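Encoded as structure tokens, the structure appears first; notes follow it.
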Amino acid sequence: MQLKNLETYRHFKKSKRLSIKWDSYFSVYDKIFKKYKNKKVKVVEVGVANGGSLFIWRKLFGKKAKIIGIDANPISKKMTKYGFKIYLGDQSDPNFWKNFFKKEGKIDIILDDGGHKNLQQISTVHYALPYINDGGLIVVEDMACSYIEKEFYNPSKFSFANFCNKIVEFINYRSGAIDKQMNIYSKKIYSIEFFESIAVLKIDSKKCLKSKPISNNIKDPSLNEMRSSFHFIRTREIIKNLIPFLKKSKVYNKIERKLFYKNKILNFKENLIIKKIYRNIK
């Protein structure tokens with residue numbers, strides 16, 4: 001898709017002040033922000049810099065939207081003369097966020113284009129999450145910094161990318177198959193979507209429910225577990241055909257699960273194959 005066909009790109013080109021964006025971002029903006037256009041939404045951007053992107057959001061979201069900027073640089077305060085509300089502070093400081101939300105209350109969208117360091121990006125998500133309205137978004141730009149050594153000291157187990165892996169884990173705590181206590185991430189973040197260097201967290205507590213299995217109650221005696229390798233499945237069937245009474249033995253069924261489904265040797269072998277797949281990625 002050509003950039004000139006993207007609405008946010010056109011607003012970007014017409015902005016009154018300097019704005020610097022990666023060209024791949026504009027198609028993402030058009031996709032994720034489309035439903036919020038001309039709605040009464042409160043949008044917060046972390047990392048105002050020269051203020052150029054504030055004009056993009058004003059044009060994109062329309063006159064009903066309230067656009068708020070956050071930056072550590074006092075020079076950003078000059079954007080107030082254009083009608084934007086600007087807060088000065090450190091995005092990694094929990095006290096800043098406490099005071100910010102005490103004044104502003106709940107918001108609909110927060111876009112983090114701040115300092116891009118691990119603690120900064122993680123802090124934005126962690127401290128903003130309780131204050132995002134259902135149906136809202138947390139958008140974090142420049143995830144590529146999670147893989148840059150110079151200045152950002154990554155890759156690291158404390159990178160924002162790895163933090164996102166934890167969020168995926170927390171989302172899956174809602175599965176009835178997992179015996180885990182749901183936390184605020186499980187209860188607020190319905191889904192997470194990744195683009196090149198952008199993470200989009202979709203907030204909707206009403207949809208964040210513990211799942212449970214259901215059935216349409218149709219009996220199918222031919223259903224067999226096929227999770228284990230074909231070799232083990234074949235061996236299992238041979239044993240049961242030779243000794244038919246084992247099919248109804250509860251004791252044997254328990255032993256079978258140990259042998260064929262919870263077999264650590266088999267799991268180790270499969271992990272070696274997975275490592276080989278990783279090595280062959282080019």
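The values are calculated or read from the model by the stated rules, or taken from the named source; none is laboratory data. None of these values were measured; they are calculated from a predicted model. Every residue, glycine as well, gets a Cβ built from its backbone with ideal geometry; the counts of neighbours run over all protein chains shown.
Any residue at all in region 115-132 that's assigned by TED's automatic domain parsing to the domain that holds Lys21, under 22 Å from Val44 (Cα atoms), of a type in the set (Phe, Trp, Tyr) and not in a helix (DSSP H, G or I)? Working first, answer last.
Just the residues of region 115-132 that are assigned by TED's automatic domain parsing to the domain that holds Lys21, to begin with: 115-132.
Next, only the ones that are under 22 Å from Val44 (Cα atoms) stay: 115-132.
From what's left, of a type in the set (Phe, Trp, Tyr): 127, 131.
Applying the additional criterion that residues be not in a helix (DSSP H, G or I) yields none.
No.
In the list Gly51, Gly135, which residue meets the criterion of being assigned by TED's automatic domain parsing to the domain that holds Tyr9, surrounded by fewer than 22 Cβ atoms within 10 Å (Cβ to Cβ), in contact (Cβ under 8 Å) with a residue 12 or more places away in the chain and not basic (Lys, Arg)? Steps first, answer last, please.
Working: Gly51 fails: surrounded by fewer than 22 Cβ atoms within 10 Å (Cβ to Cβ).
Exactly one residue qualifies, and that residue is Gly135.
For the structure I just gave you, tell me whether Lys157 is in contact with a helix residue (DSSP H, G or I) (Cβ under 7 Å, 6 or more places away or on another chain) and in the same structural domain as Ser92 (by TED's automatic domain parsing). Spell out how you get there, then give the answer.
Values: in contact with a helix residue (DSSP H, G or I) (Cβ under 7 Å, 6 or more places away or on another chain): no; in the same structural domain as Ser92 (by TED's automatic domain parsing): yes.
Spelling it out, it is not the case that Lys157 is in contact with a helix residue (DSSP H, G or I) (Cβ under 7 Å, 6 or more places away or on another chain) and in the same structural domain as Ser92 (by TED's automatic domain parsing).
From the set of residues in region 64-81 that are loosely packed, with under 14 Cβ neighbours inside 10 Å and touching a residue at least 12 places away in the same chain (Cβ under 8 Å), which is farthest from Ile32 (Cα to Cα)? Lay out the reasoning, then the answer.
We begin by selecting, within region 64-81, every residue loosely packed, with under 14 Cβ neighbours inside 10 Å; these are 64, 73-75, 80-81.
If we keep only those that are touching a residue at least 12 places away in the same chain (Cβ under 8 Å) too, we end up with 64, 73-74.
Working: Lys64: 18, Asn73: 28, Pro74: 30 Å.
Only one residue tops the list, namely Pro74.
When you go through (1) over 21 Å from the mean Cα position of the chain (by Cα); (2) in contact (Cβ under 8 Å) with a residue 12 or more places away in the chain one by one for Lys102, which number turns out not to apply?
(2)
Give me a count of the residues in region 38-55 that are of a type in the set (Gly, Ala, Ser), in contact with an Asp or Glu (Cβ under 8 Å, 6 or more places away or on another chain) and assigned to a helix (DSSP H, G or I). I'd like the intermediate steps shown before the answer.
Here is the first cut: in region 38-55, the residues of a type in the set (Gly, Ala, Ser) are 47, 49, 51-53.
Within this subset, residues satisfying the condition of being in contact with an Asp or Glu (Cβ under 8 Å, 6 or more places away or on another chain) are 47, 49, 53.
Keeping just the survivors that are assigned to a helix (DSSP H, G or I) gives 53.
So the answer is 1.
Using the structure shown, decide if Thr124 is surrounded by 21 or more Cβ atoms within 10 Å (Cβ to Cβ) and either of a type in the set (D, E, K, R) or under 22 Å from Ser19 (Cα atoms) (or both).
Details: surrounded by 21 or more Cβ atoms within 10 Å (Cβ to Cβ): yes; either of a type in the set (D, E, K, R) or under 22 Å from Ser19 (Cα atoms) (or both): yes.
For Thr124, the condition - surrounded by 21 or more Cβ atoms within 10 Å (Cβ to Cβ) and either of a type in the set (D, E, K, R) or under 22 Å from Ser19 (Cα atoms) (or both) - is met.
Which of the residues belonging to region 17-37 are basic (Lys, Arg) and either crowded, with 17+ Cβ neighbours inside 10 Å or not in a helix (DSSP H, G or I) (or both)? Don't jump to the end; show me each part of the working.
We begin by selecting, within region 17-37, every residue basic (Lys, Arg); these are 17, 21, 31, 34-35, 37.
Listed by number, the residues that qualify are Arg17, Lys21, Lys37.
Based on what the data block shows, is Leu60 of a type in the set (A, V, I, L, M, F, W, C), surrounded by fewer than 21 Cβ atoms within 10 Å (Cβ to Cβ) and not in a strand (DSSP E or B)?
Details: of a type in the set (A, V, I, L, M, F, W, C): yes; surrounded by fewer than 21 Cβ atoms within 10 Å (Cβ to Cβ): no; not in a strand (DSSP E or B): yes.
Judged against the criteria, Leu60 is not a match.
Out of Lys117, Lys98, Lys106, Lys81, I need the residue that is basic (Lys, Arg) and more than 27 Å from Ile56 (Cβ to Cβ). Which one? Before the answer, list the steps.
Details: Lys117 fails: more than 27 Å from Ile56 (Cβ to Cβ); Lys106 fails: more than 27 Å from Ile56 (Cβ to Cβ); Lys81 fails: more than 27 Å from Ile56 (Cβ to Cβ).
It is Lys98.
Looking at region 177-185, can you tell me whether even one residue there is over 29 Å from Asp30 (Cβ atoms), assigned to a helix (DSSP H, G or I), within 16 Å of the chain's Cα centre (by Cα) and touching a residue at least 12 places away in the same chain (Cβ under 8 Å)?
First, pick out the residues of region 177-185 that are over 29 Å from Asp30 (Cβ atoms): 177-184.
Subsequent filtering for residues that are assigned to a helix (DSSP H, G or I) retains 184.
Add one more test, that the residue is within 16 Å of the chain's Cα centre (by Cα), and what stays is 184.
In the following step, the residues that additionally are touching a residue at least 12 places away in the same chain (Cβ under 8 Å) were identified as 184.
Yes, region 177-185 contains at least one residue that is over 29 Å from Asp30 (Cβ atoms), assigned to a helix (DSSP H, G or I), within 16 Å of the chain's Cα centre (by Cα) and touching a residue at least 12 places away in the same chain (Cβ under 8 Å).
For region 96-113, state whether one or more residues are within 24 Å of Ser197 (Cα to Cα), touching a strand residue (DSSP E or B) at 6+ places or on another chain (Cβ under 8 Å), in a helix (DSSP H, G or I) and modelled with pLDDT of 95 or more. Quick ask: steps written out before the conclusion?
The first filter runs over region 96-113 and keeps only residues within 24 Å of Ser197 (Cα to Cα), leaving 107-113.
Next, only the ones that are touching a strand residue (DSSP E or B) at 6+ places or on another chain (Cβ under 8 Å) stay: 107-113.
Next, from what is left, pick out any that are in a helix (DSSP H, G or I): none.
No, region 96-113 contains no residue that is within 24 Å of Ser197 (Cα to Cα), touching a strand residue (DSSP E or B) at 6+ places or on another chain (Cβ under 8 Å), in a helix (DSSP H, G or I) and modelled with pLDDT of 95 or more.
Would you be able to say whether some residue in region 165-174 is more than 30 Å from Asn38 (Cβ to Cβ) and either modelled with pLDDT under 95 or not in a helix (DSSP H, G or I) (or both)?
Yes, the conditions are met somewhere in region 165-174.
Going by the conditions given, is Ile138 of a type in the set (Val, Ile, Thr) and part of a loop (DSSP other than H, G, I, E, B)?
Here the answer is no, as Ile138 does not meet what is asked.
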